[in-house]
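Notes for the one structure printed next.
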Amino acid sequence: MLDIKNLSVSYGKTRVVRNLSLKVNTGEIVCIVGESGCGKSTALKSVLMLDKNASISGGEILFDNKDITKLKTEEIRHLRGSEIAMIFQNSYLSMNPTKTIGHLFYETVKVHNKKAKKNQCLEKAEEIMKKLRLWETERIFSSYPFELSGGMCQRIAIAAAMMNDPKLILADEPTSALDVTAQAEVIRLLKYVKDNYNTSMLIVTHNMGVVANLSDKAAVMYGGSIAEFGDTWDIINNPAHPYTKALIKAVPEMNGKVPEGIEGLPPEFSDEKGGCPFAPRCYSAKDICYKNSPEKHVVSKEHIVYCNFC
Amino acid sequence: MCLLKVTGLTKTYKNKKTNIRAVKGIDLSINEGECLGLVGESGCGKSTTAEIIARLIKEDSGTIVFNGTEITDDKRLKCVGKDLQMVFQNPKDSFDPKYSLLESVMMGACSYNIYSKSQLRQKALELIRYVGLKESYSNRNIYNLSGGECQKASIARALICSPKLIIFDEATSALDVSVQAQIIELMLRLKKENKMSFLFITHDLALASSVCDNIAVMYSGRIVEYGPCRDVLSLPKHPYTKQLILSVLPVKTQGEFKTPEFKAVRKEKGGGCDYFPFCPKADDKCAALMPEFVKHNKTKVLCWLNENNEV
């Protein structure tokens, strides 16, 4: 479905995403996980060319065998919201505060199909919302985004993303702004969408709980490139990369144990050195890690690690 | 020794059309060197409670005794400021963007006259190191720091006048796990070395379990369960606490994960328990009468169903 090959994205001269390769198959949820500032959002946004300041300096993004990087602006605009839908972290900020939610649903369809009728759109929206267990549709359609809670807006964003039956949904931290109960509900919805519409998803998050409970595959990102990629259970139960291990240890648990932080700070992008980006914080780093870029190791089928000592 | 004691706190936000009862009567206490976690969903009144205790907004009724003095009068700010500090959710918004890191940290003590100028500067540098920031950052603008670094800076600012109690209002919610863990480590160190007390507001139960001694679960402006952290989280008594614990996404489980199911019961609201419309076990009594606290060992629970140890 989506095949990212050797993608590099730069802001001016700084390379933020470095030779990223990632595959999303049909009906599969892939999560990108990593610390703030590791380039995961930039990578996600570049799929739809949403960031004007970022430029793609290498590689290709194949969606249905078409290279998105070579499409014209018009063609990309046609993809947005119809074949590839996007869900943002703060959905209510991405909605027009002067228009009602009903209008939002109408507009989502109208952009791609000028002949769309408002009644039909709302009927379809209602149908989707009923399936997603959002009740009180009448009230929701007539209210403005700021009148609804954050969790509600996020669920509406998922419903709106489904309006044009997209093949792929991109979600940027869809649950990070929500509390636990709303988070669980959004996870349930995304799973429901995947199971019933066979939609693929690429989700960016820093929450390991979301990764564990939602995704089929997980990609751990560090310093702009992939550190580990594979089946979610494989990655969580048998992490191979030192960074993945540290990241899993840092997740707080309900048993009162103190989570362990990772010493040091994430790398800065301005000075691009050779070698493994994680080396300065890695407990098992040796001289070779600072010199050579880590090599690709295959742990098992579909479980890849970029580390010299795995 | 009891450091903070809050009794019968209420607050209503008045609007032209509606009155929102954000806090409907809260009792809590924090001893010296203790950390109390206040957990609950968004909109349950956690932050309002914190802001009242920090004297940022005024309560409608109730008393707050902090460090032996009642601080509910109008003259309160002076006695609070030095000993009670607050760390906010979005650290960048709580700093003046014009100043450097060092100046910002120093500013925490500027209105109390505790240090001389050189002392203040030295203390600030010391704290910047203590919270885990590089000293070379001290002349950087706050704007150029990352979210986690900024949060550490705001802890340094809170520490500069050596307070007795720090309120963390969702201070870790915007940070990613590894930075979160660093902040937790810092809090535990402060608790151990300086006997500092914390009011830790969060919606992350797992995080609360790693740092809090006691925990108070809030729902719709009331505390529904209050007791030692371990007891509350391992043996929750209130149906809401159970639901809340169920919705934490586990990371390390074997096999298929079951997404928590929410039974959308939604009965008509009666005059009784706030949680009644969503409670799977509610009966007629819950609809009619407001429950009272029932004690179980060290935990107290606001629920009728617990009267005979039914739950």
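The values are calculated or read from the model by the stated rules, or taken from the named source; none is laboratory data. Being a predicted model, the structure only gives us computed values, none of them experimental. Please note: Cβ atoms are built from the backbone with ideal geometry, for glycine as well, and neighbour counts cover all protein chains shown. Side chains included, ligands, DNA and RNA excluded: accessible areas come from the protein's heavy atoms. Shrake-Rupley method; radii C 1.70, N 1.55, O 1.52, S 1.80 Å.
Please specify each residue of the stretch A:62-85 satisfying the condition of being modelled with pLDDT of 85 or more, under 19 Å from the mean Cα position of the chain (by Cα) and more than 15 Å from A:Lys5 (Cβ to Cβ).
Correct list: A:Ile76, A:Leu79, A:Arg80, A:Ser82, A:Glu83, A:Ile84, A:Ala85.
Scan (1) modelled with pLDDT of 90 or more; (2) crowded, with 20+ Cβ neighbours inside 10 Å for the single condition A:Cys153 breaks and write down its number.
That leaves (1) as the condition not met.
Counting just the residues of the stretch B:224-249 that are in a loop (DSSP other than H, G, I, E, B) and within 7 Å of chain A (Cβ to nearest Cβ), which one comes out modelled with the lowest pLDDT?
So the residue we want is B:Leu249.
Answer with yes or no whether A:Ser200 is of a type in the set (S, T, N, Q), away from chain B (no Cβ under 12 Å) and either surrounded by 23 or more Cβ atoms within 10 Å (Cβ to Cβ) or at negative phi (or both).
Values: of a type in the set (S, T, N, Q): yes; away from chain B (no Cβ under 12 Å): yes; either surrounded by 23 or more Cβ atoms within 10 Å (Cβ to Cβ) or at negative phi (or both): yes.
So A:Ser200 fits the description; yes.
Can you pull out every residue in the stretch B:187-211 that is at the interface with chain A (Cβ under 9 Å from one of its Cβ atoms) and either assigned to a strand (DSSP E or B) or not charged (D, E, K, R) (or both)? Walk me through how you get there before you give the answer.
Residues of the stretch B:187-211 that are at the interface with chain A (Cβ under 9 Å from one of its Cβ atoms), as a first pass: B:188, B:203-211.
Listed by number, the residues that qualify are B:Leu188, B:His203, B:Leu205, B:Ala206, B:Leu207, B:Ala208, B:Ser209, B:Ser210, B:Val211.
Looking at B:Ser220, is it touching an Asp or Glu at 6+ places or on another chain (Cβ under 6 Å) and surrounded by fewer than 24 Cβ atoms within 10 Å (Cβ to Cβ)? Step through it out loud before you land on a result.
On the way: touching an Asp or Glu at 6+ places or on another chain (Cβ under 6 Å): yes; surrounded by fewer than 24 Cβ atoms within 10 Å (Cβ to Cβ): yes.
When the stated conditions are applied, B:Ser220 passes them.
Test B:Ala153 against the criterion of being open to solvent by less than 10 Å² (accessible area, probe 1.4 Å), aliphatic (A, V, I, L, M) and under 18 Å from B:Val131 (Cβ atoms), and give yes or no.
Spelling it out, B:Ala153 is indeed open to solvent by less than 10 Å² (accessible area, probe 1.4 Å), aliphatic (A, V, I, L, M) and under 18 Å from B:Val131 (Cβ atoms).
Out of everything in the stretch A:168-196 that is β-branched (Val, Ile, Thr) and assigned to a helix (DSSP H, G or I), what residue ends up being farthest from the other protein chains (Cβ to nearest Cβ)?
A:Val193
Any residue at all in the stretch B:90-104 that's closer than 24 Å to B:Arg222 by Cβ and either at pLDDT below 85 or under 12 Å from the mean Cα position of the chain (by Cα) (or both)?
No, the conditions are met nowhere in the stretch B:90-104.
Right, A:Asp165: open to solvent by 20 Å² or more (accessible area, probe 1.4 Å), part of a helix (DSSP H, G or I) and of a type in the set (Asp, Glu) or not?
Taking the combined requirement at face value, the residue does not satisfy it.
Does at least one position in the stretch A:125-142 carry a residue that is in contact (Cβ under 8 Å) with a residue 12 or more places away in the chain and in contact with a strand residue (DSSP E or B) (Cβ under 7 Å, 6 or more places away or on another chain)?
No; the residues of the stretch A:125-142 include none that is in contact (Cβ under 8 Å) with a residue 12 or more places away in the chain and in contact with a strand residue (DSSP E or B) (Cβ under 7 Å, 6 or more places away or on another chain).
Quick one: A:Met221 ticks every box in (1) part of a loop (DSSP other than H, G, I, E, B); (2) closer than 25 Å to A:Tyr306 by Cβ; (3) in contact with a Gly (Cβ under 6 Å, 6 or more places away or on another chain) bar one, so which box is it?
Failed condition: (1).
Just to be sure I understand the filter: pairs with C-beta atoms under 8 Å, separated by 6 or more residues or on different chains, first member in the stretch B:182-204 and over 17 Å from B:Gly148 (Cβ atoms), second member of a type in the set (Lys, Arg) and open to solvent by 40 Å² or more (accessible area, probe 1.4 Å). Which pairs pass?
B:Met196/B:Lys164; B:Ser197/B:Lys164
Select from the stretch B:100-140 the residues that are in contact (Cβ under 8 Å) with a residue 12 or more places away in the chain and surrounded by fewer than 15 Cβ atoms within 10 Å (Cβ to Cβ) and list them in ascending order.
The initial filter retains those residues of the stretch B:100-140 that are in contact (Cβ under 8 Å) with a residue 12 or more places away in the chain, namely B:100-102, B:104-109, B:111-112, B:114, B:120-121, B:123-125, B:127-128, B:130-133, B:137-140.
Result: B:Ser111, B:Tyr112, B:Ile114, B:Asn139.
Could you list, in sequence order, all residues of the stretch B:17-44 that are open to solvent by 10 Å² or more (accessible area, probe 1.4 Å), within 26 Å of B:Lys191 (Cα to Cα), small (Gly, Ala, Ser) and not in a strand (DSSP E or B)?
Selection gives B:Gly33 alone.
For the stretch B:123-146, state whether one or more residues are small (Gly, Ala, Ser), in a helix (DSSP H, G or I) and modelled with pLDDT of 90 or more.
yes
Checking the condition buried (at least 18 other Cβ atoms within 10 Å of the Cβ) and more than 26 Å from B:Glu149 (Cα to Cα), which residue from A:Cys276, A:Cys282, A:Cys307 passes?
After applying the criteria, what remains is A:Cys307.
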